[in-house]
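So the structure is just underneath, and the comments pick up after that.
Here, each number is a calculation from the coordinates, and none is a lab measurement. A quick note: this is a predicted structure, and the numbers were derived from the prediction, not measured. In this analysis, Cβ positions are derived from the backbone assuming ideal geometry, glycine residues included, and neighbour counts consider all displayed protein chains.
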Amino acid sequence: MQCKLCGCIFDETKKPETCKHCIGSSCNKIKCPNCGYEVLPEFKIESKLVNFLKRRIKSENK
């Protein structure tokens, strides 16, 4: 996964630490080990849609 804030690439399956703002350990957020930015995990359909839209925009700009 690539952090949307700092661009650091890391393995999202390795959760470095528990979220300090949530009660309990049921937090689904993924925390960037570099900057600490927290995001919810993307669903596969989201990443497929983003890739599709990026390809479409590139083809329209040619």
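Estimate the FRET efficiency between residue 1 and residue 56 by the formula 1/(1 + (r/R0)^6), using the beta-carbon distance for r and 30 Å for R0, to the nearest 0.05.
E(calc), rounded to 0.05, equals 0.85.
For the pair residue 11 and residue 47, label points projected 7 Å from Cα toward Cβ lie 1.5 nm apart.
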